[in-house]
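Engineer: Pasting a structure below so you can have a look.
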Amino acid sequence: MKKNVFHILALLLFVNGMQSQNSIEVQKTTKERFYENVKKAGLTESKIEELLKIIEERNRILKDLDAKKKQADAPYSIQDPGTLYNFKINNARTFYARKINSLLTYKEYAEFIVEDYRSEAHENAKIEYEQLINSNTALTEKQKRSYTLLSIIIT
């Protein structure tokens, strides 16, 4: 169970980091969401400070490794220098995911990811719903309406 949580955490941290780097507006939204999640999770001030330190350090290290990876681009090299940096980047992500995993309880962690998974589940359900309706030409209008109503209730 803890291993699965760790993998999910690593993936979410990577996605969050990438989103944060792409836009200032996203940074504001991410920051606001972070503090909303902190309130929901009921983190203490010391945990909040430690979590922010870990995130800041992780982002700095990943940014540095990414810059070094781009500098190592050697078009006439026999070996792909980016491979080494991909390995280092993955190790750094794993290291910081473990640090966060050891800091937060499962319940606290769940408060941070619940909205991401809710929206992901909603998107997947919407796709499956559309496939269901489109592939079943024999459905009556009443059945289609009931599926539509069910889809609305789920979301």
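Engineer: Taking the criterion of being loosely packed, with under 13 Cβ neighbours inside 10 Å and at pLDDT 85 or above, would at least one residue in the range 33-41 satisfy it?
Structural biologist: Checking the range 33-41: at least one residue is loosely packed, with under 13 Cβ neighbours inside 10 Å and at pLDDT 85 or above.
Engineer: While we're here: Considering every residue within the range 87-110, establish whether at least one is open to solvent by 90 Å² or more (accessible area, probe 1.4 Å), modelled with pLDDT of 80 or more, of a type in the set (Asp, Glu) and within 21 Å of the chain's Cα centre (by Cα).
Structural biologist: Checked the range 87-110: no residue is open to solvent by 90 Å² or more (accessible area, probe 1.4 Å), modelled with pLDDT of 80 or more, of a type in the set (Asp, Glu) and within 21 Å of the chain's Cα centre (by Cα).
Engineer: What pairs come up if the first residue lies in the range 28-43 and is over 15 Å from Ile55 (Cα atoms), the second is open to solvent by 100 Å² or more (accessible area, probe 1.4 Å) and assigned to a helix (DSSP H, G or I), and their beta carbons are under 9 Å apart, counting only those six or more places apart or on different chains?
Structural biologist: Ala41/Lys107; Gly42/Lys107
Engineer: Just name the residue that is most open to solvent (accessible area, probe 1.4 Å) out of those in the range 132-155 that are part of a loop (DSSP other than H, G, I, E, B) and at pLDDT 75 or above.
Structural biologist: Checked the range 132-155; the qualifying residue most open to solvent (accessible area, probe 1.4 Å) is Thr137.
Engineer: Sticking with this one: Take Leu13 and tell me if it is within 22 Å of Ala92 (Cα to Cα), modelled with pLDDT under 55 and part of a helix (DSSP H, G or I).
Structural biologist: Considered against the rule, which asks whether it is within 22 Å of Ala92 (Cα to Cα), modelled with pLDDT under 55 and part of a helix (DSSP H, G or I), Leu13 comes out as yes.
The values are calculated or read from the model by the stated rules, or taken from the named source; none is laboratory data. Here the structure is a predicted model, which is why all the values come from computation and not from measurement. Reconstructed Cβ throughout: ideal geometry from the backbone, glycine too, with neighbour counts over all protein chains shown. The area values use the complete protein model at the heavy-atom level, side chains included, leaving out ligands, DNA and RNA. Shrake-Rupley method; radii C 1.70, N 1.55, O 1.52, S 1.80 Å.
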